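Let me begin by presenting the structure, written as structure tokens, before commenting on it.
The values are calculated or read from the model by the stated rules, or taken from the named source; none is laboratory data. The structure displayed is predicted, hence computed values, not measured ones. Cβ placement follows ideal geometry from the backbone for every residue including glycine, while neighbour counts extend to all protein chains displayed.
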Amino acid sequence: MQKRIFKIECNDLVARDTFRLVLRTDGPVAIRSGQFVDIAIPGYYLRRPISVSDSLPDGVVLYYKVVGEGTRALAAMPPGSVLELLCSSAYDREAFPPDPLRRFAPNPPADTGLAGLGSGFHPEKCREAALLLGGGLGAAPLYLLARELLALGRQVTAVLGFNRADEICLEQELRALGVPVHIATLDGSVGTKGFVTDAVAAVKPAFDRFYTCGPLPMMKAVCAALDAPGEVSLEERMGCGAGFCYGCTVQTASGPRRVCADGPVFDKEEVLW
Amino acid sequence: MVAKDLSVSLCGLPLKNPVVPASGTFGFGLELADTMDLNVLGGISLKGTTREARFGNPTPRIAECTAGMINSVGLQNPGIEALVTDKAPALRRIYDGVIIANISGYSVEEYAFNCARADACPAIDLLEVNVSCPNVHGGGMAFGTDPQSAAAVTQAVRAVTRKPVFIKLSPNVTDIVSIARACEDAGADGITLINTLLGMRIDIRKRKPIIANKMGGFSGPAVFPLALRMVYQVAHACAIPVMGCGGVARAEDVIEMMMAGATAVQVGAENLRNPLACPEIVQALPALMDQLGINSLQEIIGIVQ
């Protein structure tokens, strides 16, 4: 892990209580979809883990919702302000295998770029066509995933669920990538009335693998409804965000797992709903 | 600047400096081996261990507070056998400082069993017996809030190990000195204090506790004055050394704890907001010592009467 200073390029309200934050740093960034960064907000004790929506050559795009004092303080920070992010060193274990006997872990080569925390999605496991299912701000990490899938030549369809029309975000950004986007709203104001599972039933997209991020009940319904391999991004209150405080452990089919370090992305079979 | 001597001696064990990550805030050390040179740390107190593996408490286990946090991890750990056969030996291979096993239990017999297993593990240098975990029922803190039961645990573990035994005490008591003295009389080599304070937060939107287990251990800079007061009281009432713990976040706090009587100083919650807190504190100490006219940390231990 490492701490890195980022500068706020923009911090804009893009939907109801929802902000889009673009941060730049000195040096290359190479974050995979499903990973997160842990932001220190001045005046607040613990960092805020926020999943990465896009990885820029020297920065990140994040979406966050104002739900409490910490995120309200973050929303008030103007462009030019600096934030300290906990990230992972882009430590490529295949290129630089760890030596268990070494006395000191050197910093990885600078040109590998800064990585995010946690495990990412596995776009390479999709054979031909992927279905991305987002609930609310769960849409955010699916944007980077869509970019990765398209770069691998896979077809991508997105189904995004929101409570109401003014909460919709990332629809246009995904469409700009050429991804067909289907919307479900609980109040029926846009797209299919109901849940993402209702929209999937209506649209009947072809896919061999699905990826989902959103509220737990929504992901549970998605995993129950879809008969295909799938990956789930879990959310939990975190302490350290980096795997050593065991504050975010959940029980899974393969035993206790830390959401921050072993996840946040898990195979759907792992999750004990 | 004159070369500064950061070393301290804890029951005959040399520590290159007094900075020790506190149990539960640093995993088994291995989790941070890629992040820092562990060998800059005077010692490492490992995650609290019970006889059997434990999942711990349900989530949420973490709640933020002003100048601190509440945790209710509930002693998630892989069990004593994993500690002595896997975790501690693996850390020994990459770390040359003092390795502290933090031992928990649900009965006097379990404490003794776990300490006997840790005693037989050459990778472990010192035993820290946790009679103060606020997050488990029927164990932990129940043994550390009364002088007789704290002494009973101390006596039982003393009988099964020749390694230095520190008893980690709870601040959730009315008379910390009587409990520390009972441990000393029962054969403890040292006292670690304080563990966390029992605390609680409520999510006012959901109208329910943030922590799934309702309450948890409160720690962070907010508790530092209370921890310092207890370190001062115990260090001046007992002849055995004290490891000071509670709200330590900066090199200044380390010096203050030592002046109050701590021989070594543990850093806890701060690791969770800054995983590099311990190496940063170690790095900051020489310049601070220079400002304060301190050449050797040994000379300031308990200097405040």
* Structure fact -> Per the filter on region B:67-92, residues more than 7 Å from every other protein chain (Cβ to nearest Cβ) and either closer than 30 Å to B:R201 by Cα or among the small types (G, A, S) (or both) are B:I70, B:S72, B:G74, B:L75, B:N77, B:P78, B:G79, B:A82, B:A88, B:A90
* Structure fact -> Subset of region B:247-269, residues within 14 Å of another protein chain (Cβ to nearest Cβ) and not in a loop (DSSP other than H, G, I, E, B), comes to B:V267
* **When residues of region B:25-55 are limited to those that are at the interface with chain A (Cβ under 7 Å from one of its Cβ atoms), in a loop (DSSP other than H, G, I, E, B) and free of Cβ contacts under 8 Å to residues at least 40 places away in the same chain, the one surrounded by the fewest Cβ atoms within 10 Å (Cβ to Cβ)** => B:F55
* To do: Working only within region B:270-305, note down all residues that are in contact with a helix residue (DSSP H, G or I) (Cβ under 8 Å, 6 or more places away or on another chain), in contact (Cβ under 8 Å) with a residue 24 or more places away in the chain and either of a type in the set (K, R) or part of a loop (DSSP other than H, G, I, E, B) (or both).
  => B:P275, B:I294, B:N295, B:I301, B:G302, B:I303, B:V304, B:Q305
* Asked: In the set A:D54, A:D12, A:D38, which member is part of a strand (DSSP E or B) and within 14 Å of another protein chain (Cβ to nearest Cβ)?
  -> A:D38
* To do: Might you check whether a residue that is within 16 Å of the chain's Cα centre (by Cα) and crowded, with 24+ Cβ neighbours inside 10 Å occurs anywhere in region B:117-124?
  => yes
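Filter region A:219-245 down to residues that are closer than 25 Å to A:E128 by Cβ and among the hydrophobic types (A, V, I, L, M, F, W, C), then give me how many there are.
Restricting attention to region A:219-245, the residues satisfying the condition of being closer than 25 Å to A:E128 by Cβ are A:219, A:221-233.
Imposing the further condition that a residue be among the hydrophobic types (A, V, I, L, M, F, W, C) reduces the set to A:219, A:221-226, A:228, A:232.
The total comes to 9.
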* Asked: How about region B:73-130: which of its residues are in a helix (DSSP H, G or I), in contact (Cβ under 8 Å) with a residue 40 or more places away in the chain and among the small types (G, A, S)?
  -> B:A88, B:A90, B:A112, B:A116, B:A118
* **Per-region count, region A:1-24, residues more than 30 Å from B:D34 (Cβ to Cβ) and either of a type outside the set (K, R) or free of Cβ contacts under 8 Å to residues at least 24 places away in the same chain (or both)** => 9
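Which residues, taken from region A:239-266, are facing another protein chain (nearest Cβ under 9 Å) and out of contact with any Leu (no Cβ under 8 Å at 6 or more places or on another chain)? First the steps, then the outcome.
So the first thing to find is which residues in region A:239-266 are facing another protein chain (nearest Cβ under 9 Å), and the list is A:239-251, A:255-256, A:259, A:261.
Residues satisfying the conditions are A:G243, A:Y246, A:C248, A:T249, A:G255, A:P256.
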* Residue check: is A:A76 hydrophobic (A, V, I, L, M, F, W, C), over 15 Å from the mean Cα position of the chain (by Cα) and more than 19 Å from A:G138 (Cα to Cα)? -> yes
* To do: State whether the residues of region A:213-228 include one that is touching a residue at least 60 places away in the same chain (Cβ under 8 Å), touching a Pro at 6+ places or on another chain (Cβ under 9 Å) and not assigned by TED's automatic domain parsing to the domain that holds A:Y63.
  => yes
* Unmet requirement for B:E64, which otherwise passes all of (1) buried (at least 17 other Cβ atoms within 10 Å of the Cβ); (2) among the charged types (D, E, K, R); (3) in a loop (DSSP other than H, G, I, E, B) -> (3)
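I'd like the full set of residues that are outside any strand (DSSP E or B), crowded, with 21+ Cβ neighbours inside 10 Å and not hydrophobic (A, V, I, L, M, F, W, C), limited to region A:15-35. Break it down into steps so the answer makes sense when it comes.
Pass one, region A:15-35, residues outside any strand (DSSP E or B): A:16-17, A:25-28, A:30-35.
Those still in the list that are crowded, with 21+ Cβ neighbours inside 10 Å too: A:31-35.
Of everything in region A:15-35, those that are outside any strand (DSSP E or B), crowded, with 21+ Cβ neighbours inside 10 Å and not hydrophobic (A, V, I, L, M, F, W, C) turn out to be A:R32, A:S33, A:G34, A:Q35.
Hey, any hits in region A:21-35 for a residue that's within 14 Å of chain B (Cβ to nearest Cβ) and within 17 Å of A:S88 (Cβ to Cβ)? Don't jump to the end; show me each part of the working.
Keep residues of region A:21-35 that are within 14 Å of chain B (Cβ to nearest Cβ), which gives none.
The answer is no; no qualifying residue exists.
Looking at A:A224, A:A199 in this structure, which one is buried (at least 21 other Cβ atoms within 10 Å of the Cβ), assigned to a helix (DSSP H, G or I) and away from chain B (no Cβ under 14 Å)? Quick ask: steps written out before the conclusion?
On the way: A:A224 fails: buried (at least 21 other Cβ atoms within 10 Å of the Cβ).
Residue meeting the stated conditions: A:A199.
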* Consider only pairs whose beta carbons are under 7 Å apart and that are at least six residues apart or on different chains; among these, list those whose first residue lies in region B:228-251 and is touching a residue at least 12 places away in the same chain (Cβ under 8 Å) and whose second residue is among the hydrophobic types (A, V, I, L, M, F, W, C) and in a loop (DSSP other than H, G, I, E, B). => B:M230/B:I194; B:I240/B:A188; B:P241/B:C11; B:C245/B:A22; B:C245/B:I194; B:G246/B:I194
